[in-house]
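Before any comments, here is the structure.
Nothing in this text is a laboratory measurement; each read-out follows from the coordinates by a stated rule. This one's a predicted model, so the numbers in the text were calculated from it and none came from an experiment. Every residue, glycine as well, gets a Cβ built from its backbone with ideal geometry; the counts of neighbours run over all protein chains shown.
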Amino acid sequence: MADNTTNSGWRAEMDPAEHIGTYDAFLTGTKVAGVLIVIILVGMAAFLL
């Protein structure tokens, strides 16, 4: 098996900037979704109980 990694650990076909940007967007989306779920649950508790 050929070792295609570079010194930084990224393979030649991978774009580090795009990967990091996608990961940051995923984390942001996850945080936003979590906050929205908490808001919905608090609203349900306030109005339905």
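Give me the extension gain from Met14 to Leu36: residue separation times 0.36 nm, minus the current Cα-Cα distance, reported in nm with one decimal.
Stretched fully, the Met14-Leu36 segment lengthens by 4.6 nm.
Across the stretch 31-38, in residue order, what do the Karplus-derived ³J(HN,Hα) couplings come to in whole Hz, using 6.51 cos²θ - 1.76 cosθ + 1.60 with θ = phi - 60° and x for Gly and Pro?
5, 4, 4, x, 5, 4, 5, 4
Return the distance in nm (one decimal) between the two label points of a simple spin-label model at Leu49 and Ala25, each offset 7 Å from Cα along Cα→Cβ.
For Leu49 paired with Ala25, the spin-label model returns 3.8 nm.
Hey, any idea what Rg/Rh is for the chain, computing Rh the Kirkwood way over Cα pairs?
Reported Rg/Rh, Kirkwood definition of Rh: 1.42.
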